[in-house]
Amino acid sequence: MDSSVLAPLPEAPYAGQPLLQAGPVIFHPHLLYRFMYAEGIPAQANEKVSTVINEVDPGIGMEVGRHWRLDYTPSLHYYSSSLLRDTTDQSVALNGATAYENWTLGLSQRYATTSQPLIETGAQTDVETYSTALNATYSFNAKTSLQMGLNQDFQFVGQNASSESLVDSRVWSTMDWLNYQFWPRFNLAFGLGGGYVDLSAGSSMSYEQVQGRLTWQVADKLSLVVSAGYEEWQFLDVNTQDLVSPLFGASLLYRPFAGTTLSLNAARSIMVSYIFNQVIENTGVTGGIQQRLFKKLLFDLTGGYSVASYEASAFGLALSREDHNLVLNARLSVPFLKRGTVGTFFQANHNDSTVSAFRVSTTQIGSDLDYRF
């Protein structure tokens, strides 16, 4: 629910042979241009606009030796509507991985600044994010392994344009799994996790969760991952009852033919809201099909439905906000000159909320050109 209402960007890997290498560093420049016409975009509180959007994303990725990858991408957005500010978003991502004896170790560090229209705030909202993840897997033997993870996520939210009072958050969390392979295609895991949430205003929080997970390669063309458990949140600075909620996740992937992929995903979780004294219970399901046409054309169709219930984290605060969100994405793309992709897309997004300020219906159509080295 905290994501932009704008259509998602295409995802593409780096091309094969790099054009530039200096010692152990391989450079991968990339450039994306996107033109889009959008209607119903939430620009300010109770203000929905139609706008033309020109977006330019010049970036560069670097592979440093065998273990590190760094990418920097600014994203320039130009809006024709005077109610939306032209912005330059920033994204920096560093990823590293290595193995030592029975250990596999990973590090991820990300920084991003965005200023895009959000469903949750109902307006164009500035968000600055710092995320750090440390991961380690230890293999006891061929069947048993332990996965451990530590995460730190900081979010700083601007107050402009939204009708709500917004808060910054600092979250420290861990999730650890004990995995056992019963058969070559069937794994079970037991997980324990928890975290602490520090807010710039309102009550701080802590939470614990217990989950079980099944990973099953049903057949060569069919795979399934299912997890379930529960989570309990405590509101530390106020006399508010603990929030207990079930958790679940499911992912189904089916490839019936060469060039055809079907996917289905479902999840339920609790997340911290940008809005003062609120958390969100979010339940959603998404499905999609990816089809290769005439060997070169790629068609993607995805759709999703989610329900977000906003719960009070302060005693005596009455909330009645519940959002029902329906989204449909269609995209057709084709490669060119070995390293480029050109595509056209359509997105419809309808968010029906019990609070009128957050009712959003958008349609977007456009095209993009992506070139990667």
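The values are calculated or read from the model by the stated rules, or taken from the named source; none is laboratory data. Computed from a predicted model, the values in this text were never measured in an experiment. Quick reminder, even Gly has a Cβ in these numbers, built from the backbone with ideal geometry, and neighbours come from all protein chains shown.
Conditions (1) among the small types (Gly, Ala, Ser); (2) within 30 Å of Thr129 (Cβ to Cβ); (3) touching a His at 6+ places or on another chain (Cβ under 6 Å), marked per residue:
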| site | (1), (2), (3) |
| --- | --- |
| Asp176 | no, yes, no |
| Thr215 | no, yes, no |
| Ala250 | yes, yes, no |
| Tyr254 | no, no, no |
| Thr260 | no, no, no |
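Inspect region 230-248 for any residue being in contact with a Pro (Cβ under 6 Å, 6 or more places away or on another chain), in contact (Cβ under 8 Å) with a residue 12 or more places away in the chain and either part of a strand (DSSP E or B) or not hydroxyl-bearing (Ser, Thr, Tyr) (or both) and give the result as yes or no.
Yes, that holds for at least one residue.
Out of the residues in region 33-61 that are under 23 Å from the mean Cα position of the chain (by Cα) and among the hydrophobic types (A, V, I, L, M, F, W, C), which is surrounded by the most Cβ atoms within 10 Å (Cβ to Cβ)? Outline the logic, then answer.
Going residue by residue through region 33-61, those that are under 23 Å from the mean Cα position of the chain (by Cα) are 33-36, 38, 40-43, 53-61.
With among the hydrophobic types (A, V, I, L, M, F, W, C) added as a condition, the list becomes 35-36, 38, 41, 43, 53, 56, 60.
Details: Phe35: 14, Met36: 19, Ala38: 25, Ile41: 27, Ala43: 20, Ile53: 21, Val56: 14, Ile60: 15.
That would be Ile41.
Could you tell me whether region 329-350 includes any residue that is closer than 25 Å to Leu224 by Cα, surrounded by 15 or more Cβ atoms within 10 Å (Cβ to Cβ), of a type outside the set (S, T, N, Q) and without any contact (Cβ under 8 Å) to a residue 40 or more places away in the chain?
Yes.
Can you tell me which residues in region 153-196 are surrounded by 15 or more Cβ atoms within 10 Å (Cβ to Cβ), under 30 Å from Arg85 (Cα atoms) and without any contact (Cβ under 8 Å) to a residue 40 or more places away in the chain?
If the condition is that a residue be surrounded by 15 or more Cβ atoms within 10 Å (Cβ to Cβ), under 30 Å from Arg85 (Cα atoms) and without any contact (Cβ under 8 Å) to a residue 40 or more places away in the chain, then Asp153, Phe154, Phe156, Asp168, Arg170 are the ones that fit.
Here are the criteria: (1) in a strand (DSSP E or B); (2) modelled with pLDDT under 95; (3) more than 23 Å from Gln364 (Cβ to Cβ). Tell me which single one Arg66 does not satisfy.
Against the list (1) in a strand (DSSP E or B); (2) modelled with pLDDT under 95; (3) more than 23 Å from Gln364 (Cβ to Cβ), Arg66 comes up short only on (1).
Look at region 341-359 and say how many of its residues are of a type in the set (S, T, N, Q), under 15 Å from Lys48 (Cβ atoms) and not in a strand (DSSP E or B).
Total meeting the criteria: 1.
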